[in-house]
2 protein chains.
Amino acid sequence: MKRVEPEILTRTERLADEIAAAVLSGEFAPGRRLDEAMLAERFGVSRTPVREALRRLASTGLIDLKPRRGATVADATSAQLETLFGAMAEIEAACARLAAMSMTPIERRRLQNLHESMAALARRGDRDEYAAANVVFHACVYSGAHNGILAEFAGGLRRRLAPFRRAQFRTEGRLARSHAEHAVVVAAILACDAVAAHAAMFDHMSLVEDALGRLGAASRASA
Amino acid sequence: MKRVEPEILTRTERLADEIAAAVLSGEFAPGRRLDEAMLAERFGVSRTPVREALRRLASTGLIDLKPRRGATVADATSAQLETLFGAMAEIEAACARLAAMSMTPIERRRLQNLHESMAALARRGDRDEYAAANVVFHACVYSGAHNGILAEFAGGLRRRLAPFRRAQFRTEGRLARSHAEHAVVVAAILACDAVAAHAAMFDHMSLVEDALGRLGAASRASA
DNA sequence: ACCAGAATATGTGCATGCAATATGACTGGA
DNA sequence: TCCAGTCATATTGCATGCACATATTCTGGT
């Protein structure tokens, strides 16, 4: 029996997680300045691990870090958002393609089960539960691609976009449509149809972007 | 007239570049331990910027960094190499697809000119010049995709793979074949044929991987 | 009143020092 | 002889302090 890693986290790693959580929860809003001394005091450590945690978060794009100017929570312009969603769509589609080719029977079964269980959530309109399951769904596709590099990149993009897609499922009927799009993806993957899986996932992600774009336009119009 | 950035590099940034250069040049071989104190003395700085540079390089995958165990130059197992090449192929193909759709006429013209100038290099078998031009060629495709996120990721993967593909063009006839594959990619992009561009680039990258695989097998057999 | 320049203040970049942990040598027992 | 346990050393993780760059405020001039 192989021992798993002891999982001893350094302060830096825990800090990175905590700061990321604060950003993703919205407590640290996009554009907000992240002062090293402030963070150090808040989390009860010195500035050194704070600095290292900030560097790490900057490498994932969650925060902006300019030399001698400090860190701010990344706020994306609409152009950058479009770039992010575009990249996301490409990567997710690539993962779906690979997943269709290389998922094991067990993985395919798990994906199918998960998808079917999401039908109930969509039907009864449980947005929070559906959103949580949705993350798992996409993570299934990532891991099914059997390419850790792509999976990590996809996960990073998803986290980075998280602050801007929280309201994604608010649009009326989005849940049902999302589930219908998933169905096409799942069918293609189960059929080992790489081309169809790519197209279906790309379609799904593009529609997500559209939905968010309309939502953003609506909120701007109402403001 | 907008002033360009002052371009003041911090010690950490310069260090990251210098260490990366040492790794890419082969001076720091894969698997080698990178001692903080050693690097600090060698580059005449304290350990703090060394630590931060190492973190940055770790985030790009160029080095491995384990808590309390220090840094080593990343040595990829063949399985990891396969993953890297797989991801690379997917990303490059995605960039080619986007480039076919969104390159400007000027960008298309530049790509075509570059490709044509590479014909001479391939014909006279100038491996070094061809390799350099090859990097520019792929960079052209990245930038033509008009997606900074994907371009950055692709560039990172390329750097990460650099230590293992240095001998890529040593195989007899690889230059000519590479140029022929490029021709298919260029034709598809110039024709705005997204699907063909994707397929052609994917093909090209897969063949690169094959060539490298055979080379690796040969060198192992001769050892 | 507004703008330019200087002085102040804040905050980052880096150096150094200490404590904690991992690695390797060493000793004792089976 | 081999293995387990202990000890010594080396190296990382973190705290603290200082210098310099950047941001802000204040002052004087137009």
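The values are calculated or read from the model by the stated rules, or taken from the named source; none is laboratory data. Owing to the predicted nature of the structure, the values given are computational and were not obtained by experimental measurement. FYI the Cβ positions are ideal-geometry reconstructions off the backbone, even for glycines, and counts take in every protein chain you see. Areas reflect the complete protein model, heavy atoms only, side chains present, ligands, DNA and RNA absent. Shrake-Rupley method; radii C 1.70, N 1.55, O 1.52, S 1.80 Å.
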Residues with beta-carbon under 15 Å from that of A:R108, excluding A:R108: net charge, scoring Lys, Arg +1 and Asp, Glu -1?
0
Sparse-neighbourhood loop sites, trypsin sites (Lys or Arg not before Pro) in the range B:62-107 - DSSP loop, at most 16 other Cβ within 10 angstrom:
B:R68, B:R69
Which whole-number value in Å² is the accessible area per residue of chain B, probe 1.4 Å?
52
Quick check: at a probe of 1.4 Å, how many percent of the accessible area of the protein assembly as shown sits on carbon and sulfur atoms?
54
Euclidean distance of C-alpha centroids, the range B:25-82 and the range B:96-144, integer Å
32
Given the rule -39500 (n - 2.57) for each run of at least 4 DSSP H residues, summed and divided by the residues of chain A, what is its mean residue ellipticity at 222 nm, to the nearest 500 deg cm²/dmol?
-24000 deg cm²/dmol
Compute the angle between helix A:127-144 and the longest alpha-carbon principal axis of chain A, please, reported from 0 to 90 degrees and rounded to the nearest 10.
80
Note, the range A:183-189: 3J(HN,Hα) by Karplus (6.51, -1.76, 1.60, θ = phi - 60°), whole Hz, Gly/Pro = x, goes 4, 5, 4, 4, 4, 5, 5
Please compute how much accessible surface disappears when A pairs with B, both sides summed, using a 1.4 Å probe, and round it to the nearest 100 Å².
2000
Scoring chain B by relative contact order with C-alpha pairs under 8 Å, at least six apart, yields a percentage of 23
Quick query: amide H of A:A71 versus all other amide H atoms, modeled in the peptide plane; which residues come in under 5 Å with a sequence gap of 5 or more or a different chain?
A:L34
In whole Hz, what ³J(HN,Hα) sequence does the range B:157-165 give by Karplus (6.51, -1.76, 1.60; θ = phi - 60°), x for Gly and Pro?
4, 4, 4, 5, 8, 3, x, 9, 10
For the range B:85-100, in residue order, the Karplus 3J(HN,Hα) values (coefficients 6.51, -1.76, 1.60; θ = phi - 60°; whole Hz; Gly and Pro = x) are 5, x, 4, 4, 4, 5, 5, 4, 5, 4, 5, 4, 4, 5, 4, 4
Pull up all non-local amide H partners of A:I63: gap of 5 or more, or a different chain, and H-to-H distance under 5 Å with H placed in the peptide plane.
A:A58, A:A74
When you take every Cα atom in the protein assembly as shown, what is the radius of gyration, and what is Dmax, the widest Cα pair distance, in Å?
23.2, 71
